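No lab work stands behind these numbers, since they all come straight from the coordinates. It should be emphasised that the depicted structure is a prediction, and the values quoted were computed from it without experimental measurement. Note: ideal-geometry Cβ built from the backbone for every residue, glycine included; neighbour counts use all protein chains shown.
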Amino acid sequence: MRRRVLVLGAGFGGLELTTILSDTFGESIDVVLIDKGDAFVFGFSKLEVMFGRQAATEVRHLYRDFVKPGVRFLQTTIRSIDPASRKIVTDVGEFEADFLVVALGADLDPAATPGLVEGGNEFYTVPGACALRDVIARFERGPAIIGVTGKSFKCPPAPSETALLLHDYLVTRGRREATEITVVMPFGVPIPPSPETSQAILSAFAERGIRFVKDTLVTALDPERKVAILSDGTELPYELFLGIPVHRVPAVVVESGLAADAYGWVQVNKQTLETRFPRVYAVGDVNGVGTPKAGIFAEGAARVVAASIIAQIRGGQPPEAYKGVGMCYIEFGNHEVARVDVEFLAGPKPTGTYQKPSEALKLEKALFGSSRVQRWFGAAHEPSEPTT
């Protein structure tokens, strides 16, 4: 009997899981991959767009090019999820499955922070990054704040990278001396699992005159007074505000009962990624397994879930437990790229190791993106060379 797998969300987790199942079963499986968007974008590409190093059209990888044996891609909106029956309702019909994988990521909620929509900017979406490209071009003097507004957010290194890239951008245009840059984060250090990485970033901040405000959130903006209000009650003036919006569980996932509320990430078995409902899994940013919200962790989780589905269909031993192992490349400015490798579930506490910037890591980051485009979309992709 041909088994059906529903995969909700075509990010890192959904694309990798679907590719593995197609490679394993070919036409003998029925995989339905659903996403409301028409293209995949790497998170790090938004910085490239924001600072004018790539055009928005260059970073979009169209789902119409995701063609795999045994796979159907549907661009549609999911209206309801019934995890007990593994049934969903979409704008193009209803679907039931033998296995259901929820990989819908985290939604952004800029309106959750008073004043952010009216008086600030966000760069965690492609439209936001495109808009900021023009805003930054007009920024000539005064304080700039890169501010996190919620405790849980995608790509923890991104605020630090943004500050370092903004510094370079302003230096190149002769504006840096007339500006100030401040990073506001809810952590005591930029990368908590890796003291060495955190120290490297803090040293880079000190060398460039970038202020780091630790253990703090931006809770509101006052656009009329041009001040950011912090969680400790203090205020910081700004001329340019680059915000990381509050992240929340997609409403359709909350309504399904898989999540307790908008900020209660889906609870899963940390070893298998299975929810409390049999043969229903949650991978990537939508779950609360305890790893960072970053594509590499969604990809690793997808491999574990794929191996579990394959074992159940074919028979055999379940896969090894998910260990929450991953890495992130970090842009230090001046076209320098470092790397941090982290483990979250393999030991008693999260740990991380640091590799300082090198030309090899710059090339490795480019290959990271192009190899996945090739694997998922079947098309070679030469990354554009950064330009200032």
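Summary table
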| quantity | calculated |
| --- | --- |
| Estimated inter-spin distance, R2 and E118, nm [label 7 Å along Cα→Cβ] | 5.5 |
| MRE, 222 nm, helices only [DSSP H, n ≥ 4, -39500 (n - 2.57), over the chain, to nearest 500] | -9000 deg cm²/dmol |
| Förster-model FRET efficiency, 56 Å R0, H335 and D109, C-beta, rounded to 0.05 | 0.95 |
| Candidate lysines - alpha carbon under 24 Å from K362, same-chain residues fewer than 8 apart omitted | K46, K154, K293 |
| Aspartates and glutamates whose Cα lies under 19 Å from that of K87, excluding same-chain neighbours fewer than 8 positions away | D30, D35, E96, D98, E255, E274 |
| I330, I78, I296 arranged by Cβ crowding within 10 Å, fewest neighbours leading | I296, I78, I330 |
| Normalised contact order of the range 108-247, rounded percent, pairs of Cα under 8 Å and 6 or more residues apart | 40 |
| Using a Förster distance of 22 Å, the FRET efficiency for S85-A311 (Cβ separation, nearest 0.05) | 0.45 |
| Cleavage-rule hits, trypsin sites (Lys or Arg not before Pro), the range 237-324, DSSP coil, Cβ neighbours within 10 Å at most 16 | R276, K323 |
| Relative packing of 159-167, 350-358, which averages over residues the other C-beta atoms within 10 Å, highest first | 159-167, 350-358 |
| Cα gyration tensor shape for the range 108-247, rounded if a/c is under 1.5, else prolate or oblate | rounded |
| R0 of 56 Å, Cβ-Cβ distance R276-C130: FRET efficiency to nearest 0.05 | 0.90 |
